[in-house]
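Have a look at the structure below, then the notes.
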Amino acid sequence: MKRSLLALSTIPLAACTSAYGGSDAPAAPAAPNGACDAAPAQYHVGHDATAAMGAAILKDTGAQTLRWGPPDSVWTMDYRVERVNVRYDRDMKITEITCG
């Protein structure tokens, strides 16, 4: 009786084995369209933080979304490859442009 219970208890474990048959890891997914690249927009640092400047930064970085960072604000730590972050100071001057 114990042997049959032991044999039956290992059947669900067989379903957890790898179906790949080898040690090859699956390829990492490609970066989605609209991934941010902050390097081309760095010349905007020091400019006024305006809606028109935000549109220009979106265009230069290739990002899909823009997140403004007002002075003394706190941001979440979530990372999004399609988002550009623009921080500005109390004088509405852009101080930092990053992706995430």
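Read-outs: derived from the displayed coordinates by stated rules, not from any lab. Model, not experiment: these values are computed from the prediction. Ideal geometry is used to build each Cβ from the backbone, glycine not excepted, and the neighbour counts take in all protein chains shown.
Overview of values
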quantity: Inter-site label distance for Q42 and M92 at 7 Å from Cα along Cβ, in nm; calculated: 2.7
quantity: Ascending count of other beta-carbon atoms within 10 Å, so fewest first, for R90, R67; calculated: R90, R67
